[in-house]
Ligand code: NAP
């Protein structure tokens, strides 16, 4: 297949393509978007994909966003100088055990999981010597799943967090950074622990709140429930979009970022109780002060072009 360069004039990676062969395990929203973006920006000579769901593999063959769909994970990663685990974080432990012997010395092994501490814990010990393991997390996504949901522009203008272990090879880190910059992202490097604490408030708690609100509405009496759907534009609708996110992915996020999530739920509960008290006491000043503060956060996000 002929690949047409279509880069715009943002930061150009040092050398294109960044990798010879990229193998992507998991061809859903994120894996499919990585493949499409890597192809669009000519970041690899070849892209090989594998998904444990044979139906997904078949669909990807039809769409054609990878050069080859492999029949096994081991086949997919053989000869690849970059391997991307684009699967739920709870699936990473068995996946690395399966592919470890087939990884090429010198290859960069990365992932896109929404929790990083568990990936370091589950994958790290199985990485063969000479393979450069650099966990990652693109801060970009939608509520859709599967191979049809991905698109090449998903990472454009978004952050990608990399959490390299202390002994990470600088050249491998530079190549992976060039890859993510090549798809339009800004790369931030931090520790896995810091990542998990930050994401607990910016992503995991908001999802839990959305799941709770929409679940609460689902439990209401039938007549009220109908009204909730009719008048959803008054705020509820925005929560339903988040609460439609992938159930397996989010189950794994909460099971694997337990400490940080529980800590932030505790703080949230305290603040909610304080606002509850303000409402009960008719303390308008307290409520208004709080809402002024939160409005300024929205403005900061717009200014940072992350809205
Ligand atoms: P997705 O659309 O559901 O795709 C994941 C695919 O991986 C599914 O087809 C799944 O098959 C397959 N899979 C699971 N285990 C596998 C294995 N061992 N080998 C090969 N394929 C396997 O999920 P996604 O939204 O792309 O999420 C993938 C990862 O990206 C997750 O770790 C998530 O935390 C992270 N992430 C997601 C978002 C988001 O907004 N969705 C954003 C940033 C990062 P089955 O259906 O059979 O399990």
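Rule-based calculations on the coordinates, nothing more; no lab input. Predicted, not measured: the structure shown is a model, and the values here were computed from it. Glycine also receives a Cβ, built like all others from the backbone with ideal geometry; neighbour counts cover every protein chain displayed.
Projecting label points 7 angstrom from Cα along Cα→Cβ for residue 236 and residue 298 puts them 2.0 nm apart. In terms of overall dimensions, the C-alpha atoms belonging to the chain reach 66, 42, 40 Å along their principal axes, ordered largest to smallest. The separation of region 113-127 from region 208-279, counted between C-alpha centres, amounts to 28 Å. Axis of helix 29-40 versus longest Cα principal axis of the chain: the two differ by about 50°, to the nearest ten degrees. Taking the longest Cα principal axis of the chain as reference, the axis of helix 170-182 is set at about 60 degrees. Computed over region 7-190, the percent of Cα pairs more than 21 Å apart is 42.
Structural descriptor for region 195-303: relative contact order 32 percent, calculated from alpha carbon pairs under 8 angstrom and at least 6 residues apart. Please give the helix 284-303 orientation as an angle from the longest Cα principal axis of the chain, in degrees from 0 to 90, rounded to the nearest 10. It works out to around 20 degrees.
Below 8 Å between Cα atoms, with a sequence gap of 6+, how large is the relative contact order for the chain in percent? Walk me through the numbers before you get to the answer.
Numbers: 498 pairs, mean separation 49.8, N = 307.
In percent, rounded to a whole number, it is 16.
By average Cβ neighbour count within 10 Å, what is the ranking of 210-217, 250-257, 29-36 from highest down?
29-36, 250-257, 210-217
Convex hull over the alpha-carbon atoms of region 195-303: what's its volume per residue in Å³? Mind dumping the intermediate values first?
Details: hull volume 15.2 nm³, N = 109.
So the per-residue Cα hull volume is 139 Å³.
With each run of n ≥ 4 DSSP H residues scored as -39500 (n - 2.57), what mean residue ellipticity at 222 nm is computed for the chain after dividing by its residue count and rounding to the nearest 500 deg cm²/dmol?
Values: 13 runs with 148 residues, N = 307.
One gets -14500 deg cm²/dmol as the mean residue ellipticity at 222 nm.
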